[in-house]
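> Can you keep this structure in mind? I'll have questions shortly.
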Amino acid sequence: MTAFKKLSVFAVLVAIALIPSVASANVITCAVTATSPQIRAEGIAELVGDITLTCTSGETDIELITTANFLVNIVAYYNTNVTNPENADDEVTNAVLVVGGGDTDADDDATVTTFSENECVTPADAGAGTACDDSTANVQDPQYAERNGSDGTSLKWEGVVFPVPNYDSDADDTAEFNETTTLRLTGVRVNASLLGLPSGTGVLGSDIEADITMLAFPTGDNSVVLSGEDDVDVGTSLLGLGQTSDDDIVTDGLQCADETAANSLTYITIEEGFPTAFRDAQAAASEQDTISNQVTGESGHAEDNSAGVGGASQATQIMLSFTGVPDGVEVGVLLTPDCQEDDPIAADGADDADTLVLTAWTCDADGVADAAAAVVDDADSVLDAAYADVALTDGAGQICYDVSTNSSALTEDCAITIVSGWTADTANDAPARASYSVSTSYAPLSAVTSGDDDTALVPRFLTGTGHDAWEFGTVNSCASTILFPYVTNQSGFDTGLVVANTSMDGDGDGVDQAGTCSIAYYGETTGGGDAPDADTTDSIPAGDQLIWLLSSGNSDQGVAAAAEFQGYVIATCDFNWGHGYAFITDGFGGVPTLAQGYLALIIDARAANTVETLGQ
């Protein structure tokens, strides 16, 4: 058998001369075309468009075509990794080549086999055992691709029987085969994320490109020409998932006060990047059916030949990942958010045209649904029964949403309700005072970025392609900020200061809180010197007072002296209901000639720094 000679679409017209002496008129021409769908840039195993070779021969050349078929090897080269699952033993994938439109049963025994070295080896997850059996029709079975080489970017189909279009066995100008022979490459999945992520939804990413080459075995007086463009486009990547949030609507609660779901409503909105970026279970099944129909839809193909064609294994999943949640804080989400509500924050409650339905499920940190696929509902939760609790470990946890229903014609979005709450336990400094965040991503996430056996889910998405975390909640200290507007230890005067921790009250209705105070000095010392550095006191128990003189401080309560200072003082204390009093005199330790006392002012730091005077 003579050596192979490469036929490529690198040029618009490149001929393979199977027999060099054949007249140039005896040419089979194959036009190379492809579909180019929008695919998710975050995806590792995204389904790209079909490549079709439509082959013809001129009617005037029928008398020159004397062979019913001959053999070709076809290789498809992509500009990123091919990620179809494969049989671990022999690297046979579930990408499919369909040959149709011609009778290749030359010996008329109703049995046509492939001539691959591996025949038609059943690929990974093929399903029916008859996937590679001969059909009873008069066309050859679809063939599964083998991985080509070690770089992971190409597939090959070996020993393909190529039916000669317009074949005329009697040379009587009467075509016995169809006027065209089609070869369709379908079910190919690639790693779109390898080409990079666009900056945002609506921004075009990268083109997925493919080259086709053909290696031919000469079996008759034939020549073949491929015509088409270099690097046909089989897909365009776009960001499939967007995220928006409103920093004005966050949980901002006090450690010393119970926080409830009703008081902590906030929303994170997921946005579909293009109409087919979200796919429900029906769409996932349709993806399988579409590929199968392309296989079985060619005239003469038996249904059993569709087994193993690579459709999606699940609907689109979206994961919410929570981080930094303090001990003592619980987080919940709405089980089925109202995705039709145009703006859940607006008072009008108007609905949009979206059909999107999301259903919450538990999942692991990679977004793989738990075996039970249930939602945790903690009976002891501080959140009400309308919300599903997010299981947290060391401040981190996640919950996934299944796209139960959506439209392939609309670009949809959904505001997902998030709540958080806690029971105050300030005696044990709980919950811990900190901020916490949430981010969104597709799921499942994976680091399997090349071909694999059938253990990896399809589709799957590259780890790290989620959005930046959004800080949606904070447990704030129960602080009191107390302003002493004038104090002095100059010109013979001294100032005594008192901070009272009144979080303990006589009715027992207060939340007893102990805490330190940070004492900050604003002004100068005698002669224009700098003010003393800020000072942090010992903890002041509920019902007790912090007492000190500027001149000497109070070492028993951790207050350093601020001798010769004059200006104002702000005491910030880690307890609620702090109040202050100052007394200025020239007679500490003796008989005063001048003296003045006043109540300190309270700065409400949580209300845009407005100043209150305690009703005085």
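> So, restricting to strands (runs of 3 or more DSSP E) that lie completely within the stretch 333-407, which ones have at least 2 residues that are at pLDDT below 90?
Answer list for the stretch 333-407: 357-361, 387-389.
> Hey, among the residues in the stretch 40-54 that are buried (at least 24 other Cβ atoms within 10 Å of the Cβ) and under 15 Å from Leu185 (Cβ atoms), which one's modelled with the highest pLDDT?
Kept after step one, since they are buried (at least 24 other Cβ atoms within 10 Å of the Cβ), are these residues of the stretch 40-54: 40-48, 53.
Subset that is under 15 Å from Leu185 (Cβ atoms): 47-48, 53.
Numbers: Leu47: 91, Val48: 94, Leu53: 90.
Across the stretch 40-54, the extreme among qualifying residues is Val48.
> Now a separate question. Any residue that is in a strand (DSSP E or B) and in contact (Cβ under 8 Å) with a residue 12 or more places away in the chain - is there at least one of those in the stretch 508-516?
Yes - at least one qualifying residue is present in the stretch 508-516.
> Among the residues of the stretch 426-459, how many are within 26 Å of Gly395 (Cα to Cα) and either under 16 Å from the mean Cα position of the chain (by Cα) or buried (at least 19 other Cβ atoms within 10 Å of the Cβ) (or both)? Outline the logic, then answer.
Residues of the stretch 426-459 within 26 Å of Gly395 (Cα to Cα): 426-447.
If we keep only those that are either under 16 Å from the mean Cα position of the chain (by Cα) or buried (at least 19 other Cβ atoms within 10 Å of the Cβ) (or both) too, we end up with 426, 431, 436-447.
Total satisfying the criteria: 14.
> Can you find a residue that is over 16 Å from Ile584 (Cβ atoms), out of contact with any strand residue (DSSP E or B) (no Cβ under 6 Å at 6 or more places or on another chain), in the same structural domain as Ala600 (by TED's automatic domain parsing) and in a loop (DSSP other than H, G, I, E, B) anywhere in the stretch 483-498? Before the answer, list the steps.
Just the residues of the stretch 483-498 that are over 16 Å from Ile584 (Cβ atoms), to begin with: none.
No, that holds for no residue.
> Among (1) touching a Pro at 6+ places or on another chain (Cβ under 9 Å); (2) under 29 Å from Asp425 (Cβ atoms), where does Asp535 come up short?
Unmet condition: (1).
> Still on this structure: Go through (1) surrounded by 18 or more Cβ atoms within 10 Å (Cβ to Cβ); (2) assigned to a loop (DSSP other than H, G, I, E, B); (3) at pLDDT below 85 one by one and return the number of the condition Leu197 breaks.
Condition (3) is where Leu197 drops out.
> Return only the number of the condition from (1) modelled with pLDDT under 70; (2) surrounded by fewer than 22 Cβ atoms within 10 Å (Cβ to Cβ) that Gln140 does not satisfy.
(2) is the only condition that Gln140 fails.
> Considering only residues that are surrounded by 19 or more Cβ atoms within 10 Å (Cβ to Cβ), over 56 Å from the mean Cα position of the chain (by Cα) and in contact (Cβ under 8 Å) with a residue 24 or more places away in the chain, which ones fall in the stretch 550-570?
Correct list: Leu550, Phe565, Gln566.
> Ok, one more. If I filter the stretch 478-497 for residues that are in contact with a helix residue (DSSP H, G or I) (Cβ under 8 Å, 6 or more places away or on another chain), within 30 Å of Val368 (Cβ to Cβ) and in contact (Cβ under 8 Å) with a residue 12 or more places away in the chain, do I get at least one hit?
Scanning the stretch 478-497 turns up no residue that is in contact with a helix residue (DSSP H, G or I) (Cβ under 8 Å, 6 or more places away or on another chain), within 30 Å of Val368 (Cβ to Cβ) and in contact (Cβ under 8 Å) with a residue 12 or more places away in the chain.
> Can I ask one more? Can you find even one residue in the stretch 205-213 that is part of a strand (DSSP E or B), at pLDDT 90 or above, in contact with a strand residue (DSSP E or B) (Cβ under 8 Å, 6 or more places away or on another chain) and over 27 Å from Leu97 (Cα atoms)?
yes
> Among the residues of the stretch 408-425, which ones are in contact with a helix residue (DSSP H, G or I) (Cβ under 8 Å, 6 or more places away or on another chain) and either assigned to a helix (DSSP H, G or I) or surrounded by fewer than 22 Cβ atoms within 10 Å (Cβ to Cβ) (or both)?
Within the stretch 408-425, Ser408 is the sole residue that qualifies.
> Provide a single number: the residues in the stretch 419-431 that are modelled with pLDDT of 90 or more and not aromatic (Phe, Trp, Tyr).
Residues that pass the stated criteria total 5.
> Please enumerate the residues belonging to the stretch 233-266 that are in a loop (DSSP other than H, G, I, E, B) and touching a helix residue (DSSP H, G or I) at 6+ places or on another chain (Cβ under 9 Å).
Gln255, Cys256
The values are calculated or read from the model by the stated rules, or taken from the named source; none is laboratory data. In this text the structure is predicted, and so the values were computed from the model without any measurement. Cβ atoms come from the backbone with ideal geometry, glycine included; neighbour counts cover every protein chain shown.
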